[in-house]
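Visitor: I am attaching a structure below and will ask some questions about it afterwards.
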Number of protein chains: 2
Amino acid sequence: MDQRLKSELTRQLILNESFKLFYENGFKTTSVDKIMKATNLTKGAFYHHFENKKALGLAVIGLKLQKRVYEAMVAPLYGSGDALEILKTIFSVRLKSFTVYEKQHGCPANNFINEIGDQEFAYQNALKRIIEEWKSALVYVLDRGKTEGSVRKDICSKSVAVYLISAFEGVRGLRKLYDNDLILDEYISGLSLYIKQISAS
Amino acid sequence: MDQRLKSELTRQLILNESFKLFYENGFKTTSVDKIMKATNLTKGAFYHHFENKKALGLAVIGLKLQKRVYEAMVAPLYGSGDALEILKTIFSVRLKSFTVYEKQHGCPANNFINEIGDQEFAYQNALKRIIEEWKSALVYVLDRGKTEGSVRKDICSKSVAVYLISAFEGVRGLRKLYDNDLILDEYISGLSLYIKQISAS
DNA sequence: TAAATTATATACTAGGTAGTATGTTTTTTT
DNA sequence: AAAAAAACATACTACCTAGTATATAATTTA
């Protein structure tokens, strides 16, 4: 097989298995051994593709995680349609459509943030980039809403963006403690009140 | 020295040092060895006072953590004064008064929730108790506000409680990524909008 | 005061950890 | 086809991990 392609496939395999194991068991307690056992490859392959575990962590955050957040939470914000409807879809409809697995293990980004967001500057920065990208998209859609007359002009877009992200990440943590969706339903009801508050009219 | 007292002091010392190390470095990566080094005692003492690390974790959550949350976030809700003023104080004023250390490492409860809230039923339950106690107090103060006419009667207290807790815990995680309070200020501004929405008049 | 109990210390086990050194195999280049 | 380089495997090191076994010191009880 073409060496370039084979190498890239292996790299992606390691990144994917890492993401999965980090998500299920945490970053710090997932060992390189466990990851490579999941890939059916060995340590030699790992250290050929990554300098060390920290480099792997940064690659998972900067590639896999960032891409997932972008596709699920950021890109839809740049789509067409009523601004407030888009917000409702992203912050509540999406939430209910998660699988049990996703509800149980919370938000991958939030897990990383809470586990290693206070440990290493490099991790901090990589994670910050994801949040800032998300925040910018929210500010964009809120400003658009203001222009189109659906969003109140006297609210601060940045503040609303931060409050929306905070509540979303917060409840994805809380949901881990329960075995049903009650807390999600309450969150959604609480959120709809907030969206009403920022809507014009 | 009285043996009862001495034993209790040792137990509390272990619990306190554990809490601190769990807070700074996480639960799973804080070893019994590190804890006992911090206490200047040895492993023999540890396993005399605790059956294993899991029992220690549950004790830290059920005693230290629950007490801290109760004193800082729950008890004030049962105090006198305007309901909405109490909410503002707890969810925004308090936030700004945290030390750099507390801002950097986030919310101890949220850290536990995100690290081990999806791992063991026993941890889940111990953490759930803390959240439910907090939620109940919030529902109490919101209902009181309704009675006194300061809070809108058509809002669901439980939903507002969950949304308030979610946003608070969420932003305490996000703050880890930054080295200044901008995100906290934005959160507070976003929160004040929410409190306006639930206020009568 | 002697015996029993409690509190703590020391030394150990079995297994997990990140990372390295050095192989062998596969692919590419000359 | 030979040489070089890349991809991966195997075997290792030094250290950390939870937990145990057993000793000693301090305190309480008989």
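Visitor: With (1) open to solvent by 10 Å² or more (accessible area, probe 1.4 Å); (2) under 17 Å from B:Phe168 (Cα atoms); (3) over 19 Å from the mean Cα position of the chain (by Cα) as the list, and A:Arg172 as the residue in question, which single condition is left unmet?
Guide: Here A:Arg172 clears every test but (3).
Visitor: Out of (1) within 12 Å of DNA strand D (Cβ to nearest atom); (2) touching a residue at least 24 places away in the same chain (Cβ under 8 Å), what's the single condition that is false for B:Lys88?
Guide: Among (1) within 12 Å of DNA strand D (Cβ to nearest atom); (2) touching a residue at least 24 places away in the same chain (Cβ under 8 Å), the lone unmet condition for B:Lys88 is (1).
Visitor: Give, as residue ranges, the helices (runs of 4 or more DSSP H) completely inside the range B:87-201 that count at least 2 residues that are within 16 Å of A:Lys176 (Cβ to Cβ).
Guide: Details: elements: B:100-105, B:108-116, B:121-148, B:157-174, B:182-198.
Helices (runs of 4 or more DSSP H) meeting the threshold: B:108-116, B:121-148, B:157-174.
Visitor: Next question, about the same structure. Just for the range B:23-34: of the residues that are in a helix (DSSP H, G or I) and more than 8 Å from DNA strand D (Cβ to nearest atom), which one is surrounded by the fewest Cβ atoms within 10 Å (Cβ to Cβ)?
Guide: In the first step, residues of the range B:23-34 are kept if they are in a helix (DSSP H, G or I); the result is B:23-25, B:32-34.
The next check asks that each one be more than 8 Å from DNA strand D (Cβ to nearest atom); those that pass are B:23-25.
Details: B:Tyr23: 22, B:Glu24: 14, B:Asn25: 16.
By that ranking, first place goes to B:Glu24.
Visitor: Could you list, ordered by first residue, the pairs with Cβ atoms under 8 Å in which the first is in the range A:27-44 and over 15 Å from A:Leu56 (Cα atoms) and the second is more than 7 Å from DNA strand C (Cβ to nearest atom) and polar (S, T, N, Q), at least 6 apart or interchain?
Guide: So the pair list comes out as A:Leu41/A:Thr10.
Visitor: Report, by residue number, each residue of the range B:50-59 that is assigned to a helix (DSSP H, G or I) and open to solvent by less than 30 Å² (accessible area, probe 1.4 Å). So that I can check it myself, show each step before the final result.
Guide: First, the residues of the range B:50-59 that are assigned to a helix (DSSP H, G or I): B:53-59.
Across the range B:50-59, the qualifying residues are B:Leu56, B:Gly57, B:Ala59.
Visitor: Restricting the search to the range B:135-164, which residues are buried (at least 19 other Cβ atoms within 10 Å of the Cβ) and either facing chain A (nearest Cβ under 7 Å) or more than 18 Å from A:Asp185 (Cβ to Cβ) (or both)? Spell out how you get there, then give the answer.
Guide: Our first condition is that a residue be buried (at least 19 other Cβ atoms within 10 Å of the Cβ); within the range B:135-164, this holds for B:135, B:137-138, B:141-142, B:145, B:151, B:155, B:157-164.
B:Ala137, B:Val141, B:Gly145, B:Val151, B:Ile155, B:Lys158, B:Ser159, B:Val160, B:Val162, B:Tyr163 - these are the residues of the range B:135-164 that are buried (at least 19 other Cβ atoms within 10 Å of the Cβ) and either facing chain A (nearest Cβ under 7 Å) or more than 18 Å from A:Asp185 (Cβ to Cβ) (or both).
Visitor: Going through A:Glu8, A:Glu17 one at a time, which residue ends up being outside the structural domain of A:Val141 (by TED's automatic domain parsing) and within 13 Å of DNA strand C (Cβ to nearest atom)? Walk me through how you get there before you give the answer.
Guide: Numbers: A:Glu17 fails: within 13 Å of DNA strand C (Cβ to nearest atom).
Only one candidate passes the filter, namely A:Glu8.
Visitor: What are the residues in the range A:2-22 that are within 11 Å of DNA strand D (Cβ to nearest atom), in a helix (DSSP H, G or I) and open to solvent by 40 Å² or more (accessible area, probe 1.4 Å), if any? Give the derivation first.
Guide: Restricting attention to the range A:2-22, the residues satisfying the condition of being within 11 Å of DNA strand D (Cβ to nearest atom) are A:2-14.
Remaining after also requiring in a helix (DSSP H, G or I): A:3-14.
Correct list: A:Gln3, A:Arg4, A:Leu5, A:Lys6, A:Ser7, A:Glu8, A:Leu9, A:Arg11, A:Gln12, A:Leu13.
Visitor: Looking only at residues in the range B:92-118 that are surrounded by fewer than 23 Cβ atoms within 10 Å (Cβ to Cβ) and of a type in the set (Phe, Trp, Tyr), which one is nearest to B:Thr30 (Cα to Cα)?
Guide: Across the range B:92-118, the extreme among qualifying residues is B:Tyr101.
Visitor: For the range A:179-199, which positions are without any contact (Cβ under 8 Å) to a residue 60 or more places away in the chain and open to solvent by less than 30 Å² (accessible area, probe 1.4 Å)?
Guide: Passing the criteria: A:Ile183, A:Glu186, A:Gly190, A:Leu193, A:Tyr194, A:Gln197.
Visitor: Considering only residues that are within 11 Å of DNA strand D (Cβ to nearest atom) and not polar (S, T, N, Q), look in the range A:38-49 and name the one that is surrounded by the fewest Cβ atoms within 10 Å (Cβ to Cβ).
Guide: Here is the first cut: in the range A:38-49, the residues within 11 Å of DNA strand D (Cβ to nearest atom) are A:39-49.
Of the ones still in play, those that are also not polar (S, T, N, Q) are A:41, A:43-49.
Numbers: A:Leu41: 17, A:Lys43: 11, A:Gly44: 9, A:Ala45: 17, A:Phe46: 20, A:Tyr47: 13, A:His48: 12, A:His49: 19.
Selected residue: A:Gly44.
Visitor: Okay, moving on. All but one of (1) at pLDDT 95 or above; (2) within 16 Å of DNA strand C (Cβ to nearest atom); (3) basic (Lys, Arg) hold for B:Lys64; state the number of the condition that does not hold.
Guide: If we test B:Lys64 against (1) at pLDDT 95 or above; (2) within 16 Å of DNA strand C (Cβ to nearest atom); (3) basic (Lys, Arg), just (2) comes out false.
The values are calculated or read from the model by the stated rules, or taken from the named source; none is laboratory data. Every value quoted in this text rests on a predicted model; they were computed, and no experiment measured them. So basically every Cβ, Gly included, is an ideal-geometry build from the backbone, and we count neighbours across all protein chains shown. Heads up: the accessible areas ignore ligands, DNA and RNA and are worked out on the full protein's heavy atoms, side chains in. Shrake-Rupley method; radii C 1.70, N 1.55, O 1.52, S 1.80 Å.
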